Structures are given as C-alpha cells and as structure tokens.
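Participant: Below is one structure. I have some questions about it.
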Amino acid sequence: MTDETPGGVQSWTETMSARERIRSVALTLNEPQSTNWISDQAETAWSTTNQELEDLVDRGQLRRVDAGESTLYHPDYTQLLFDELRQLIEEHTRAATGRTDSHCRGDRGLAGGLRCRDLGGTRTVPCGWGPVECGDPRTT
C-alpha cells in the first residue's frame, strides 16, 4: 500500500525512482544549484544525487559551474534545444512518410527505409539533417 496525501495524490517518492526525481529537478533548474540543494528538492541521498549529476554532465545534459569552493549545476540549454529539435524533426518525418522509423538506414535508403519509387512522385524527403533528392545514390 502506498502513502497518499489528502485528495488521493501519491507522493512522487512513491511514483518516481530517485534518479528520475534528480533528473526532474536538475533539468528544470532556472539558475545553477548545488548538489545539496538538488538532493533536498529531489528527496534523495547526496551520494546518489552526486553520481546522477555527474552522469548528466557526462551525457551533456548538465553543465558544471565552479563557484568558489562549491560546484553548481544547471541544464545545458543548448543541448536541450537540440534534443527538442531532433524530436520535432523525427515526429514530423514520421508524419510525412507515414512510417514509424524516421532514421536513415546508412546509405541504403531514405527515412524509414523508403526508396524514391515508394513515394509516388515525391521528389525530396527528409533524411537525417537534410533532404535527399531522388536519384541520389542513397535512394536507389
């Protein structure tokens, strides 16, 4: 049985793992914060928080800021923007092609494994970061 607050809402410590809570706090920061602050907000152990923050830095999702004797963390807003753009490109590529796999398959075809002949007259389709023209060796 889980603890519920009045009104039937479960505590986030019951519905999210410690690492999920840390990511939730760290990736939504408006200003740099310390490991202690993030740990308190996420209701997690300092060691778990520190390890997850370092993992997020290694993955490029957070930036480390040296502030005197302490280390602060904040989201890498550029990386978050590119992640959002990538997601939008993939969603719109799926919508345009009607396929679920929006990634180019090496040099064997277009997005979703399509060939130009599969598109019935479409001359340019998205592939990765740029369009691929019919007649391109990657589409034959």
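The values are calculated or read from the model by the stated rules, or taken from the named source; none is laboratory data. Because the structure is a prediction, the values reported are computed rather than measured. In this analysis, Cβ positions are derived from the backbone assuming ideal geometry, glycine residues included, and neighbour counts consider all displayed protein chains.
Participant: Out of (1) surrounded by fewer than 16 Cβ atoms within 10 Å (Cβ to Cβ); (2) in contact with a Lys or Arg (Cβ under 7 Å, 6 or more places away or on another chain), what's the single condition that is false for GLU52?
Facilitator: Of the numbered conditions (1) surrounded by fewer than 16 Cβ atoms within 10 Å (Cβ to Cβ); (2) in contact with a Lys or Arg (Cβ under 7 Å, 6 or more places away or on another chain), the odd one out for GLU52 is (1).
Participant: Would you check which residues across region 26-61 are free of Cβ contacts under 8 Å to residues at least 40 places away in the same chain, under 15 Å from LEU80 (Cα atoms) and of a type in the set (A, V, I, L, M, F, W, C) and list them?
Facilitator: Within region 26-61, the first condition is being free of Cβ contacts under 8 Å to residues at least 40 places away in the same chain, and the residues that meet it are 30, 34-61.
Add one more test, that the residue is under 15 Å from LEU80 (Cα atoms), and what stays is 30, 56-61.
Listed by number, the residues that qualify are LEU56, VAL57.
Participant: Return the pair list, or none, for Cβ contacts closer than 7 Å from residues in region 69-88 that are free of Cβ contacts under 8 Å to residues at least 24 places away in the same chain and under 22 Å from ILE38 (Cβ atoms) to residues that are surrounded by fewer than 16 Cβ atoms within 10 Å (Cβ to Cβ) and among the small types (Gly, Ala, Ser), at least 6 apart or on different chains.
Facilitator: Sorted first by the residue in region 69-88, then by its partner, the pairs are ASP76/GLY60; GLN79/GLY60.
Participant: What is the residue count in region 1-28 for residues that are hydroxyl-bearing (Ser, Thr, Tyr), modelled with pLDDT of 90 or more and touching a strand residue (DSSP E or B) at 6+ places or on another chain (Cβ under 8 Å)? Walk me through how you get there before you give the answer.
Facilitator: Here is the first cut: in region 1-28, the ones hydroxyl-bearing (Ser, Thr, Tyr) are 2, 5, 11, 13, 15, 17, 24, 28.
Cutting the leftovers down to modelled with pLDDT of 90 or more gives us 17, 24, 28.
With the extra rule that they be touching a strand residue (DSSP E or B) at 6+ places or on another chain (Cβ under 8 Å), the set shrinks to 28.
Going through region 1-28 one residue at a time, the tally reaches 1.
Participant: For region 48-57, which positions are out of contact with any helix residue (DSSP H, G or I) (no Cβ under 8 Å at 6 or more places or on another chain) and within 14 Å of LEU27 (Cα to Cα)? Reasoning before the result, please.
Facilitator: Taking region 48-57 as the starting set, the residues that turn out to be out of contact with any helix residue (DSSP H, G or I) (no Cβ under 8 Å at 6 or more places or on another chain) are 51, 54-55, 57.
GLU54, ASP55, VAL57 - these are the residues of region 48-57 that are out of contact with any helix residue (DSSP H, G or I) (no Cβ under 8 Å at 6 or more places or on another chain) and within 14 Å of LEU27 (Cα to Cα).
Participant: Of all residues in region 14-49, which are more than 22 Å from TYR77 (Cβ to Cβ) and surrounded by 14 or more Cβ atoms within 10 Å (Cβ to Cβ)? Give the derivation first.
Facilitator: As a first pass, look at region 14-49 and keep what is more than 22 Å from TYR77 (Cβ to Cβ): 14-18, 36, 39-40, 43-48.
Within region 14-49, MET16, ALA18, SER39, ASP40, GLU43, THR44, THR48 meet the criteria.
Participant: I need the helices (runs of 4 or more DSSP H) fully contained in region 29-140, keeping only those with at least 1 residues that are at pLDDT below 70. Write out each step before concluding.
Facilitator: Working: elements: 35-42, 46-58, 77-97.
Of the helices (runs of 4 or more DSSP H) lying wholly inside region 29-140, those with at least 1 residues that are at pLDDT below 70 span 77-97.
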